[in-house]
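This report refers to the structure that appears directly beneath it.
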Amino acid sequence: MPDNLSHNTVEVALTPWERFAEYLHIRNKRITQQRRVLLDLVFEAHEHFDADDLVVRLGPTDAGKKIGRATIYRTLNELVEAGLLRRMVISGRSVYEHDYGYPQHDHLHCTACNRLIEFRNAELVALRDTVAMKHSFRATGHRFIILGLCRACQARYSGP
């Protein structure tokens, strides 16, 4: 498995829309126009984002004027509960990324510029499984974030 991640996908039975509709139906919730707009916005590109990023991306459009912050936060929570998004707390803020249809991966977090770099490493997964087995634990996943400085910030802080 390569150490870099090029936005590969995992084959899934349902589209994100179908999975979210199923989640809402089971909970007797409606598929509102606001939820539709937010789901489309979230899945139009694979990137890490927070609620403020969604507010900016919605902008002053008609949809943006009709979707308040409370609806954005509530919908993000629903997308996490539905298994479509993963939430990470980075530098005290909730950051989201696609989870559904996306392979298990880990992150490098630059503490200077807050950049997140995704990577996969087979040795790390093997270590996780070895540790789990040693403790009679069945691992179903993990979250691993390495803190440090990205190349650009290293250059900026080390001077000329």
(request) Note down all Cβ pairs under 8 Å where the first residue falls in the stretch 114-136 and is at positive phi, the second is part of a strand (DSSP E or B) and buried (at least 16 other Cβ atoms within 10 Å of the Cβ), and they're at least six residues apart or on different chains. (result) Asn114/Ile90
(message) I need the full set of residues from the stretch 32-82 which are of a type in the set (Val, Ile, Thr) and in contact with a Phe, Trp or Tyr (Cβ under 9 Å, 6 or more places away or on another chain), in order please.
(response) Val42, Val80
(message) So for the stretch 67-75 (the condition being modelled with pLDDT under 90, more than 27 Å from Ile145 (Cβ to Cβ) and out of contact with any Ser or Thr (no Cβ under 9 Å at 6 or more places or on another chain)), does at least one residue qualify?
(response) yes
(message) Return the pair list, or none, for Cβ contacts closer than 8 Å from residues in the stretch 27-48 that are at pLDDT 90 or above and acidic (Asp, Glu) to residues that are part of a helix (DSSP H, G or I) and surrounded by 12 or more Cβ atoms within 10 Å (Cβ to Cβ), at least 6 apart or on different chains.
(response) none
(request) Just need a number here: residues in the stretch 49-80 that are loosely packed, with under 14 Cβ neighbours inside 10 Å and touching a residue at least 24 places away in the same chain (Cβ under 8 Å). (result) 1
(request) Go through the stretch 19-73 and count every residue that is within 24 Å of His105 (Cβ to Cβ), in a helix (DSSP H, G or I) and aromatic (Phe, Trp, Tyr). (result) 3
(message) For the stretch 127-154: of the residues being out of contact with any Ser or Thr (no Cβ under 9 Å at 6 or more places or on another chain) and small (Gly, Ala, Ser), which is modelled with the lowest pLDDT?
(response) Gly141
(request) Go over the candidates Leu79, Leu124 one by one and state the one that is outside any loop (DSSP other than H, G, I, E, B) and at pLDDT 95 or above. (result) Leu79
(request) Take the stretch 109-131 and flag every residue that is surrounded by 12 or more Cβ atoms within 10 Å (Cβ to Cβ) and either under 14 Å from the mean Cα position of the chain (by Cα) or among the polar types (S, T, N, Q) (or both). (result) His109, Thr111, Asn114, Arg115, Leu116, Ile117, Glu118, Phe119, Asn121
(request) Check Leu116, Leu149, Leu124 and return the single one that is out of contact with any Phe, Trp or Tyr (no Cβ under 8 Å at 6 or more places or on another chain) and not assigned by TED's automatic domain parsing to the domain that holds Phe43. (result) Leu116
(request) Confirm whether Ala139 is small (Gly, Ala, Ser) and touching a helix residue (DSSP H, G or I) at 6+ places or on another chain (Cβ under 7 Å). (result) yes
(message) Which numbered condition in (1) closer than 22 Å to Tyr23 by Cα; (2) in the same structural domain as Arg36 (by TED's automatic domain parsing); (3) not hydrophobic (A, V, I, L, M, F, W, C) is the only one that Lys66 fails?
(response) (1)
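The values are calculated or read from the model by the stated rules, or taken from the named source; none is laboratory data. The structure presented is a predicted model; accordingly, all values stated were derived computationally and were not measured. Quick reminder, even Gly has a Cβ in these numbers, built from the backbone with ideal geometry, and neighbours come from all protein chains shown.
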